[in-house]
Amino acid sequence: MMRNRETAGLRKDVPQAIPENGNRNGINMRYLLAHDIGTSGDKATLFDEEGRLLGSVIKNYDVHIFNGNWAEQDAEEWWRAVCETTRGLLAGQGVSPEDVAAVSFSGQMMGCLCVDRMGKPLRPSIIWADQRADKEAREIEEKISQWEFYNIVGHRNTPSYGIQKLMWIRRHEPEIYENTYKVLNAKDYIVFRLTGNFYTDYSDANSCGCFDIKKLSWSEQILEAAGISADKLPECKPSVFIGGKVTKEAAELTGLKEGTVVVLGAGDGVTANVGTGSVAEGKTYCCLGTSAWVTTTTKEPVFDPQMRIVNWAHAVPGLYAPNGTMQAAGASYSWAKQQICLYEQKLAGAGGGSPYEYMNREIEKSAPGANGLYFLPYLIGERAPRWNPEAKGAFIGLKAENTRGDMLRSIPEGITMNLAVCLDILKSHVGIEEMTVVGGGARGRIWRQIMADIFGMDILVPEMLEEGGSMGAAVIGGVGAGIFQDFSAVEKFLRIRERVCPDKSLEEPYREKRKMFEHLYDALVPYYAEMR
């Protein structure tokens, strides 16, 4: 998911100074430093061992999008951001580097960064959003069917993954390919810069598209089909593995102490599992951001016969994270703000506050069900559960008596009904009784209630809605460094401030509306391609 981030700076809502000796009320504290290396920036966050967030610093960097669907980033910008945010955070919080017990990571996944034997990037990283390797994905499918690929990797074979991107480099940039020593994801490169070692964790290996999710090793079958040597891939280790210690050179650049433990961490989708408490079977969360997803935790991968959901290797050893991610969740709501809600924008400009606050007031004027109006949230095609790049968005059922409030309410209802399809698939394999919700969309009280009503379960709202990845990375770091005995330590970090219960009287009406939602999508499938 692409996340928008504010300009670098310290949070204002947390304590801003800790004594340099790490002493809080007479107790010598140890700290966990988490880096969330996202698409638009790196966020460094500091927690103490009791799970308290001390502060965070963000440094933005650029994404280079060109040729329609190509997307690249300069890996050196990742490193410069990590150095700057680390120094700024430690100085801003008055924390001595001596008291940082471990550094760990959450990072963007499905990338392809080629480095030489010295770890020097040979070209910009081809990131997750890049779709250029369509031909390469088709070449793999000529040798391994989608169903067979899905049962090895836990994912469909698409241009999004690392192995297809590396095949593209081999075809179009053969000198780069020949000189490539290892292919890394974002956090793996930062681990190298800190320690001099080349590793990846199971979750990021999973995002390369050539990882056997059951054997937890590179898939010889897929590598053979792709014609890629396993020698170009880093060694795979659990997320809690200590990848090394901070070198003298890295210490000088980051402000960390030489010898500080560096724990691998995990891909951002999986660290969020940990940070939201989804660390045991059936524990489930939903992230409502620009895109949105529902993820649970299981003891075995969930192989859906229609391949509607995907599976990740979990950060907790021996577990898996089945997931359904949709394309345009918050993006649909943002589209409505920009295109439909000019009046709300004007009110916010004149009276202060957010346009979304005024939009939510309109939604509250509309009854559940949006007066028979439906919204299909497929503004940029769809991943889960449709896997249809041709799908289009739509308002369906407009009548003369429909209001703007009905239109606005139909948007979160449509998004939530789409996510409910993914949830139902997961529920058919594991018991799910409640769900934690995080992300920017979770700020809205009305949307949280819509989720409870459509999902038919309690929705748990944490105090910190946008720190799941950072908290997850910190917990992984704490377990890896031996500060925490196991992943139950997340209970120190995750503080639930609200429980939203479903309105039982809406159970049947929403069940019927969901049936119609499915019928409407199915009815339009034959025509989507013609709408180009």
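The packing ranking, built from the mean of other Cβ atoms within 10 Å per residue, places the peptides 118-126, 51-59 in the order 51-59, 118-126, highest first.
Converting the Cα gyration tensor eigenvalues of region 243-373 into ellipsoid dimensions via √(5λ) gives semi-axes, longest first, of 39, 26, 12 Å. For region 102-206, the gyration tensor built on C-alpha atoms gives an oblate shape. Its axis ratio a/c (a ≥ b ≥ c) is at least 1.5, and a/b is not larger than b/c. For region 269-285, backbone phi angles converted through the Karplus equation (6.51, -1.76, 1.60; θ = phi - 60°) give residue-by-residue couplings of x, 8, 4, 5, 3, 5, x, 9, x, 7, 10, 9, 4, x, 6, 9, 9 Hz, Gly and Pro being listed as x. If the limit is 22 Å between Cα atoms, which of Lys187/Lys232; Lys182/Lys245; Lys43/Lys232 go over it? Flagged as over cut-off: Lys43/Lys232.
With 5 Å bins beginning at zero, the pair-distance distribution over Cα atoms of region 80-132 amounts to 4, 13, 16, 19, 16, 13, 13, 4, 1, 0 %.
Basic side chains Lys and Arg get +1 at the Cβ, acidic Asp and Glu get -1 at the Cβ, and with that the dipole of region 489-532 about its Cα centre reaches some 320 debye. Ligands, DNA and RNA left out, the accessible area of region 60-165 computed with a 1.4 Å probe is 50% carbon and sulfur. Each Cα pair under 8 Å and six or more residues apart adds its separation to the average, and for region 255-413 the resulting relative contact order is 18 percent.
Based on the mean of other Cβ atoms within 10 Å per residue, sort peptides 471-478, 269-276, 156-163, 230-237 so the most packed one is first.
Highest-to-lowest ranking by the protection proxy: 471-478, 269-276, 156-163, 230-237.
Within the shell defined by Cβ-Cβ distances under 14 Å, the residues around Phe198 carry a net charge of +1, with Lys and Arg each +1 and Asp and Glu each -1.
Where does the charge balance sit around Tyr528 when Lys and Arg score +1, Asp and Glu -1, over other residues with C-beta under 14 Å from its C-beta? Numbers along the way, then the final one.
Details: positive: Arg386, Lys392, Arg532; negative: Glu382, Glu390, Asp522, Glu530.
Net local charge, Tyr528 excluded: -1.
Across region 126-265, the mean sequence separation of Cα contacts (distance under 8 Å, 6 or more residues apart), normalised by length, yields a relative contact order of 24 percent. Oblate is the label for region 190-285, because the ratio a/c of its alpha-carbon gyration tensor axes (a ≥ b ≥ c) is 1.5 or higher and a/b is not greater than b/c. Over all distinct Cα-Cα pairs of region 318-460, the Kirkwood formula returns a hydrodynamic radius of 16.0 Å.
Shape summary of region 462-532, radius of gyration then Dmax from alpha carbon positions: 21.6, 58 Å.
On a per residue basis, region 249-384 carries 35 Å² of accessible surface, using protein heavy atoms and a 1.4 Å probe. With a Förster radius of 56 Å applied to the beta-carbon distance between Leu342 and Lys248, the computed FRET efficiency rounds to 0.50. Could you work out the Rg to Rh ratio of region 50-113, with Rh taken as the Kirkwood radius (inverse of the mean 1/r over all Cα pairs)? Expressed as Rg/Rh, it is 1.07. Remark: relative contact order (the chain) = 14 percent; criterion is Cα-Cα distance under 8 angstrom and separation of 6 or more residues.
Charge dipole of the chain (Cα centre as origin; +1 on each Lys and Arg Cβ, -1 on each Asp and Glu Cβ, all else neutral): 620 debye, rounded to the nearest 20.
For region 159-213, the average shadow cast by the Cα convex hull is 4.2 nm², which is a quarter of the hull's surface.
Helical content of the chain, expressed as a calculated mean residue ellipticity at 222 nm, amounts to -11000 deg cm²/dmol (DSSP H runs of 4 or more residues, -39,500 (n - 2.57) each, divided by residue number, nearest 500). Report note on the peptides 60-66, 305-311: ranked by the mean count of other C-beta atoms within 10 Å, highest first, their order is 305-311, 60-66. Panel values: region 300-360, Kirkwood radius from alpha carbon pairs, Stokes-Einstein at 37 °C and 0.692 mPa s, translational diffusion coefficient 223 µm²/s.
As an equivalent ellipsoid, region 382-470 spans semi-axes of 24, 18, 14 angstrom, where each value is the square root of five times an eigenvalue of the C-alpha gyration tensor, largest first. The portion of the accessible surface of region 343-492 made up by carbon and sulfur, rounded to a whole percent, is 50 (1.4 Å probe; DNA, RNA and ligands excluded).
Which pairs in the list Lys283/Lys492; Lys120/Lys248; Lys143/Lys392 are over 21 Å apart, alpha-carbon to alpha-carbon? Violating the 21 Å Cα-Cα cut-off are Lys143/Lys392. Within region 38-185, the proportion of Cα pairs with more than 21 Å between them is 54 percent.
Given +1 at the Cβ of Lys and Arg, -1 at the Cβ of Asp and Glu and no other charges, the dipole of region 356-490 around its Cα centre is 440 debye to the nearest 20. From a point 7 Å beyond the Cα of Arg443 in the direction of its Cβ, which residues of region 312-353 have a backbone N at a distance under 12 Å? Under cut-off, by backbone N: 353.
Listed values for region 427-443 are Karplus-derived 3J(HN,Hα) couplings in whole Hz (6.51 cos²θ - 1.76 cosθ + 1.60, θ = phi - 60°), namely 5, 6, 10, 8, x, 10, 10, 8, 9, 8, 10, 9, x, x, x, 6, 5, and x replaces Gly and Pro. How many angstrom separate the Cα center of region 87-118 from the Cα center of region 512-532? Cα centroid to Cα centroid, the span is 45 Å.
Placing a pseudo-label 7 Å from each Cα along the Cα-to-Cβ vector at Arg511 and Glu498 gives an inter-label distance of 2.8 nm. Scaling the Cα radius of gyration of the chain by the globular reference 2.2 N^0.38 Å produces a ratio of 0.96.
The values are calculated or read from the model by the stated rules, or taken from the named source; none is laboratory data. Remember, predicted model here, so these are calculated numbers, not experimental data. Don't worry about glycine lacking a Cβ; one is built from the backbone with ideal geometry, like all the others, and counts go over all protein chains shown. SASA here: full protein model, heavy atoms, side chains in, ligands and nucleic acids out. Shrake-Rupley method; radii C 1.70, N 1.55, O 1.52, S 1.80 Å.
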